[in-house]
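Okay, structure first, notes after.
The values are calculated or read from the model by the stated rules, or taken from the named source; none is laboratory data. If you're wondering where the values come from, they're calculated on a predicted model, not measured in any experiment. Heads up, the Cβs are rebuilt from the backbone with ideal geometry, glycines too, and the neighbour counts pull from every protein chain shown.
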Amino acid sequence: MALAILSGCVKDPGDDPINPQNPGNGTYNLILSADTLTFNDSEYKSLFLYVDPAKQVSYRVISHPEWLSITNEEGYVSSNISEIRLYSNAESLLPGMYEGELEIMSTIGNVKVLCRLGVGNNYYTEVPESLNFSIVDDTKDLVIRNLGNVTASYTISVQNDYISLAKTTGSIEPNQADTIVVSVNRTGMSTGMYYSNLLANLNDKNYNIPVAIEHLIENKIMLQTDVIDAEYNKVRDIMVYVSTYPTTVNVYHTETGTTNSIMLDFMPTCVSLAPDGNTAVVGHDGHLTHVDLQTYTAIRSYSVSCNAIDIVLGPNKWAYVFPKEDQWAEIYCVDLNLPYDNQTSSQSWSIYAGTLGRLHPSGKYIYGADNGLSPSDIEKYDIQNGTLSYMYDSPYHGDYNMGGNLWFSEDGQRLFTRGRTVLKTSEIQGQDMLYNGSITLEGWNRIMWLDHSAAKNNLYIISSGDSWNSINKPFILIHNATNLTYKSKIDLEKFVVVGNSGQGQFYDANPYFVFSNASGNKIYSLTKAEGSGLIHEWAIQAFDIN
């Protein structure tokens, strides 16, 4: 006998209208023999009630389906079982299934019993509205219940190969249930949500049961650090990034997937690699650090009279530091061949603070993109004599959008700007920084990072939204390097935060850096799970390029 329990707190003894002499306060349970009653045609059934612990309680049936006749509609119940007798009046009803609630009021609360009536030969089945698989679920039980009065036969098919069934056909006797094990096929899935449908036919009635599958696959390499700045060297195929927790230079070897770290004495703000990939310089507030990327040691630190927003290491073993503040400022030059502080300043020219610099592949020049000025422009500096000297800016002043950052093609013959403008470069001033086209992106999107692969003739582009403070879009664009046209895009693997239930919330992987290797068959992106709340929200994602 199935039992339903209704609990309630009895009033003080003096307030008890049934038995004022019953001593003490407490909680009493009204026990019912069933919470659901199913009738087939005209049929008698009994509902039994008693109270635990023993106490006399009054009850009354206050509502019931019209097709039910009831004896003992009111009375008293205590530790002795009381019976309510029910009869289904099916004679005047058409064949079908009927349903209603029987509600009983008592001095310790109300309770409801679901009543069903099947008239004639008919079936009534119960199937779930949906099935949801969390990250940790590989199987789920699909339970079909036959609540009718005839045998229910079923067949089930699946919409796609995301799921499979232990069996697809069967029959269920009245008042019985059948359980079908549903399994997930996660082969080939990437991180995200997948959807299917179970198509069930029960006694010629069709049901559509949606299935949702949450999947997580960690192809990305989760970092235990943040990422402040990064560069790539195609001579050694290494990616170097600096972090503030902990304060380190990190050397990621793409061939082996291993990382070596170098501790820093100061908080890093930027990094630059030597063209041969054997050394690097790290910018700080008031200092720079020269590091050896082969022995993974800090060579020495130098004092610099600015807070570095950017730094460039030339093949001449000089470091050039671009200041973050002070509006009109100098580019500070440090000779790393000397074992002591030896800062000099750029000759005969001041830059606007916030200018970002990049070494031309020839190793002779640095090109700078100013920020905070309108219109934005590109400048060129000569570093062949050690101390940097200003040469000239582009011949355009508002004609084309420069945008505040720049990147080079591998051969150095072209310059790509954040404002999507492409310029030709030359050692001859009249032919240098001349307009060479524009990269088309959606709306007002800008280029936030770019890398050129000569081996594949591709440009790999990270783009922003239309607003200046928008988050970088969660994919890498691939453009033809010759004619600048769009080819395809690579969607980045999402991050997921998994709760105790196994359910996960997905977050876009927003890229900040993308690099191609020397052979062109791989690209690497440093990505961040913006707003996820993860303690470690940075990762390296790698993709094969055909």
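Summary of computed values
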| read-out | value |
| --- | --- |
| Residue in the range 492-514 that is in contact with a Lys or Arg (Cβ under 6 Å, 6 or more places away or on another chain), on the phi > 0 side of the Ramachandran plot and surrounded by 14 or more Cβ atoms within 10 Å (Cβ to Cβ) present | no |
| Residue 472 being free of Cβ contacts under 8 Å to residues at least 40 places away in the same chain and not hydroxyl-bearing (Ser, Thr, Tyr) | no |
| Residues located in the range 196-227, provided they are within 30 Å of residue 249 (Cα to Cα), surrounded by 19 or more Cβ atoms within 10 Å (Cβ to Cβ) and at pLDDT 95 or above | 223, 227 |
| Any hit, the range 111-128, residues being small (Gly, Ala, Ser), out of contact with any Cys (no Cβ under 6 Å at 6 or more places or on another chain) and more than 27 Å from residue 85 (Cα to Cα) | no |
| Residue that is farthest from residue 119 (Cα to Cα), among those in the range 148-164 that are surrounded by 13 or more Cβ atoms within 10 Å (Cβ to Cβ) and touching a Leu at 6+ places or on another chain (Cβ under 8 Å) | 163 |
| Residue within the range 179-195 that is under 15 Å from residue 128 (Cα atoms) and surrounded by 14 or more Cβ atoms within 10 Å (Cβ to Cβ) present | yes |
| Subset tally (residues that are among the charged types (D, E, K, R) and under 22 Å from residue 99 (Cβ atoms)) for the range 44-73 | 3 |
| Search result, residues across the range 365-375 that are within 15 Å of residue 415 (Cα to Cα) and of a type outside the set (A, V, I, L, M) | 365, 367, 368, 370 |
| Matching residues, the range 50-108, being in contact with a Pro (Cβ under 9 Å, 6 or more places away or on another chain) and either closer than 24 Å to residue 119 by Cα or among the hydrophobic types (A, V, I, L, M, F, W, C) (or both) | 88, 98, 99, 100, 101, 102 |
| Strands (runs of 3 or more DSSP E) wholly inside the range 470-525 containing at least 1 residues that are modelled with pLDDT under 95 | 486-491, 495-498, 504-507 |
| Odd one out for residue 320 among (1) more than 42 Å from the chain's Cα centre (by Cα); (2) touching a residue at least 60 places away in the same chain (Cβ under 8 Å); (3) assigned to a strand (DSSP E or B) | (1) |
| The lone exception for residue 416 - which of (1) of a type outside the set (Asp, Glu); (2) farther than 22 Å from residue 320 by Cα; (3) in contact with a Phe, Trp or Tyr (Cβ under 6 Å, 6 or more places away or on another chain); (4) without any contact (Cβ under 8 Å) to a residue 60 or more places away in the chain it fails | (2) |
| Of all residues in the range 58-89 being modelled with pLDDT of 90 or more and of a type in the set (A, V, I, L, M, F, W, C), the one that is farthest from residue 38 (Cα to Cα) | 62 |
| Restricting the range 447-491 to residues that are aromatic (Phe, Trp, Tyr) and surrounded by 16 or more Cβ atoms within 10 Å (Cβ to Cβ), the residue that is nearest to residue 531 (Cα to Cα) | 475 |
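Rundown of residues vs (1) at pLDDT 90 or above; (2) assigned to a loop (DSSP other than H, G, I, E, B); (3) within 23 Å of residue 93 (Cα to Cα), yes/no style:
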{"position": "11", "(1), (2), (3)": "no, yes, no"}
{"position": "19", "(1), (2), (3)": "no, yes, no"}
{"position": "22", "(1), (2), (3)": "no, yes, no"}
{"position": "25", "(1), (2), (3)": "no, yes, no"}
{"position": "29", "(1), (2), (3)": "no, no, no"}
{"position": "38", "(1), (2), (3)": "no, no, yes"}
{"position": "48", "(1), (2), (3)": "yes, no, no"}
